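**Q** So that we are looking at the same thing, I have put the structure below in structure tokens.
The values are calculated or read from the model by the stated rules, or taken from the named source; none is laboratory data. Note that the coordinates shown come from a computational prediction; the quantities given were computed from them, not determined experimentally. Every residue, glycine as well, gets a Cβ built from its backbone with ideal geometry; the counts of neighbours run over all protein chains shown.
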Amino acid sequence: MIDTSQFKTRKVAYVSLGCKLNFAELSSLGKTLSQAGYQKVKPGEKADLCVINTCSVTETADKKSRQAIQRLVRQHPDAFVVVTGCYAQLKSEEVARIPGVHLVLGAKEKFDLPAHLEGLDKNTEPVVITSSTQRLTEFRSSYSREDRTRFFLKVQDGCDYFCTYCTIPIARGRSRNGSIALLTRQAAEIAAEGGREIVLTGVNIGDFGKTTGETFLELIQALDEVEGIDRFRISSIEPNLLTDEILEFIARSKRFAPHFHIPLQAGQDDLLRLMHRRYDTALFAHKVELIRQRMPNAFIGVDVITGSRGETDERFEQAFAFIEGLSISQLHVFSYSERPDTQALHIEHVVSPKTKKERHIRLQELSDRKWNAFYQSQQGRVGMVLFEHAVSNGMMHGFTEHYVRVEMPHQPEWINRIVPVVMGEWNDEGNALKGTRV
């Protein structure tokens, strides 16, 4: 390990940016460091070691990663600073030039953090240890907890799709996964730790099985039998991999929530072809229609990118009309960001920043209308709410199986319990429905 004589308390500060997969992986790194004698800092304490797990999905993500690194350096000026994650993998030398950074680890190296700390001195030049992800075949399992109620279980990593706008396959390598036996065992461990809900995470989880010869359907069928877990959610799944068989199973399952997050990215077929997406708008519309037929109150969140290369005025208006006509619950709107080494840079017709911003605002307003309409459709219904630990102004919150946020006066005995609640009017902040005990 690092010469611990330079460490006074062996306290470590953690920061994770981006997806829940990063969150789960950083939690596993924390467990490894805990076994090596480190303790997580408490508020107000100074750290000897800082670990930042970064994101690089957009230029904005890069900027947020840089800001997080700089903030930690200011907060813990005497700490040894380690940066890992997608930003560290893709732009390692850029990260190493940030004042205060001592060690940069790539996607493969981050899981062996304690070994890479050996013999390093924070008073020397920054050390960069990265390798190509293209030969990365090992799956490193991890799971993490959020508020001691909801856990995130990593089931898959990497991606084989190489969409023209995306650098994630370069940052994380090819698709790989854990075995069903391993993942059901980890789900049982989570249940033993008191977890009631598990969110399945990964880069392209519908592609599960590339390294084990199993399928995503077989995985969720096995997880549905794990005792002690009340609810599973699927974080995000490609529409072409969300098979009708998977939807039929979730509709009749014991534990899988009627809650879907499906990346659309563009609601127009020419744009989807330019992006090298593996479906068209007809397939996407079919998936939404089937969900509504089998699970009428399901929450359907949709990712969409605006301002991408090739998005002419006509194509955007067609995409907007298509999305407007979908029976979905919410949009997650992203403005297209130029990423180095991507095929999208060769596509003609560049959207101006002004137009990109205008389109982002229009889509966000559409999202707000759909989200409000979905919540209003749930008023008067009974939802099964899993209440969380956090309390604000005497109120507690939780989510129904349909991902509706519910607010009720604090009842300590309801924490980490699923309670049937009648959903009523909006709360004062307009971000949850007021609940009444059945």
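**Q** Mind checking which residues of the range 333-380 are of a type outside the set (A, V, I, L, M), touching a Gly at 6+ places or on another chain (Cβ under 6 Å) and touching a residue at least 60 places away in the same chain (Cβ under 8 Å)?
**A** Within the range 333-380, Ser335, Tyr336 qualify.
**Q** Have a look at Arg174, Arg145 and point out the one that is part of a strand (DSSP E or B), of a type in the set (Lys, Arg) and over 17 Å from Ala222 (Cα atoms).
**A** None of the other options fit; the residue is Arg145.
**Q** Can you tell me which of Thr54, Thr32 is of a type in the set (Ser, Thr, Tyr), surrounded by fewer than 17 Cβ atoms within 10 Å (Cβ to Cβ) and in contact (Cβ under 8 Å) with a residue 24 or more places away in the chain? Outline the logic, then answer.
**A** Values: Thr54 fails: surrounded by fewer than 17 Cβ atoms within 10 Å (Cβ to Cβ).
Result: Thr32 is the single residue among Thr54, Thr32 that is of a type in the set (Ser, Thr, Tyr), surrounded by fewer than 17 Cβ atoms within 10 Å (Cβ to Cβ) and in contact (Cβ under 8 Å) with a residue 24 or more places away in the chain.
**Q** Among the residues of the range 338-367, write down those that are in contact with a strand residue (DSSP E or B) (Cβ under 9 Å, 6 or more places away or on another chain) and either of a type in the set (D, E, K, R) or not in a helix (DSSP H, G or I) (or both).
**A** Scanning the range 338-367 gives Val351, Lys356, Lys357, Arg359, Arg362.
**Q** Given (1) part of a helix (DSSP H, G or I); (2) surrounded by fewer than 17 Cβ atoms within 10 Å (Cβ to Cβ); (3) under 19 Å from the mean Cα position of the chain (by Cα), where does Asp160 come up short, assuming only one miss?
**A** (1)
**Q** Identify the residue in the range 77-91 that is in a loop (DSSP other than H, G, I, E, B) and in contact (Cβ under 8 Å) with a residue 24 or more places away in the chain and, among all such residues, is surrounded by the most Cβ atoms within 10 Å (Cβ to Cβ).
**A** Step by step, filter the range 77-91, then rank; the result is Ala79.
**Q** Any chance the range 369-385 includes a residue that's under 24 Å from the mean Cα position of the chain (by Cα), assigned to a loop (DSSP other than H, G, I, E, B) and under 26 Å from Ser235 (Cβ atoms)?
**A** no
**Q** Look through Glu401, Glu429 and report the one residue that is of a type in the set (Asp, Glu), in contact (Cβ under 8 Å) with a residue 60 or more places away in the chain and not in a strand (DSSP E or B).
**A** It is Glu401.
**Q** Could I ask something else about it? Please work out which one of (1) over 14 Å from Leu26 (Cα atoms); (2) outside any loop (DSSP other than H, G, I, E, B); (3) of a type in the set (A, V, I, L, M) is the condition Val51 fails and give its number.
**A** Only one criterion in (1) over 14 Å from Leu26 (Cα atoms); (2) outside any loop (DSSP other than H, G, I, E, B); (3) of a type in the set (A, V, I, L, M) is unmet by Val51, namely (1).
**Q** While we're on this one: Pairs under 6 Å by beta carbon, first residue within 25 Å of Trp371 (Cβ to Cβ) in the range 252-264, partner among the aliphatic types (A, V, I, L, M), six or more apart or different chains?
**A** Cβ pairs passing all conditions: Phe256/Ile250; Pro258/Met295; Pro258/Ala298; Phe260/Ile300; Ile262/Val302; Leu264/Val302; Leu264/Val304.
**Q** Do we have Arg185 as modelled with pLDDT of 95 or more, outside the structural domain of Val391 (by TED's automatic domain parsing) and over 21 Å from the mean Cα position of the chain (by Cα) here?
**A** Criteria met by Arg185.
**Q** Just to verify a result, which residue in the range 376-401, among those that are of a type in the set (Ser, Thr, Tyr) and surrounded by fewer than 21 Cβ atoms within 10 Å (Cβ to Cβ), is nearest to Glu324 (Cα to Cα)?
**A** Among those that are of a type in the set (Ser, Thr, Tyr) and surrounded by fewer than 21 Cβ atoms within 10 Å (Cβ to Cβ), it is Ser377.
**Q** Could you give me the residue pairs with C-beta distances under 8 Å whose first residue belongs to the range 219-236 and is under 14 Å from Gly206 (Cβ atoms), whose second residue is of a type in the set (Phe, Trp, Tyr) and not in a helix (DSSP H, G or I) wherever it lies, and which are 6+ apart or on separate chains?
**A** From residues that are under 14 Å from Gly206 (Cβ atoms), the pairs are Leu219/Phe208; Ile220/Phe232; Ile220/Phe256; Ile234/Phe256; Ile234/Phe260; Ser235/Phe152.
**Q** Looking only at the range 92-137, count every residue that is in contact (Cβ under 8 Å) with a residue 12 or more places away in the chain and part of a helix (DSSP H, G or I) and tell me the total.
**A** Count: 10.
**Q** Condition first: on the phi > 0 side of the Ramachandran plot, out of contact with any helix residue (DSSP H, G or I) (no Cβ under 6 Å at 6 or more places or on another chain) and of a type in the set (D, E, K, R). Can you find one or more residues in the range 333-341 that meet it? Please lay out each step first, then the result.
**A** Here is the first cut: in the range 333-341, the residues on the phi > 0 side of the Ramachandran plot are 341.
Remaining after also requiring out of contact with any helix residue (DSSP H, G or I) (no Cβ under 6 Å at 6 or more places or on another chain): 341.
Okay, now just the ones that are also of a type in the set (D, E, K, R), so 341.
Checking the range 333-341: at least one residue is on the phi > 0 side of the Ramachandran plot, out of contact with any helix residue (DSSP H, G or I) (no Cβ under 6 Å at 6 or more places or on another chain) and of a type in the set (D, E, K, R).
**Q** A further question on this structure: Of all residues being modelled with pLDDT under 95 and within 22 Å of the chain's Cα centre (by Cα) in the range 290-341, which is surrounded by the fewest Cβ atoms within 10 Å (Cβ to Cβ)? Just the residue, please.
**A** So, considering only residues that are modelled with pLDDT under 95 and within 22 Å of the chain's Cα centre (by Cα), the one surrounded by the fewest Cβ atoms within 10 Å (Cβ to Cβ) is Glu338.
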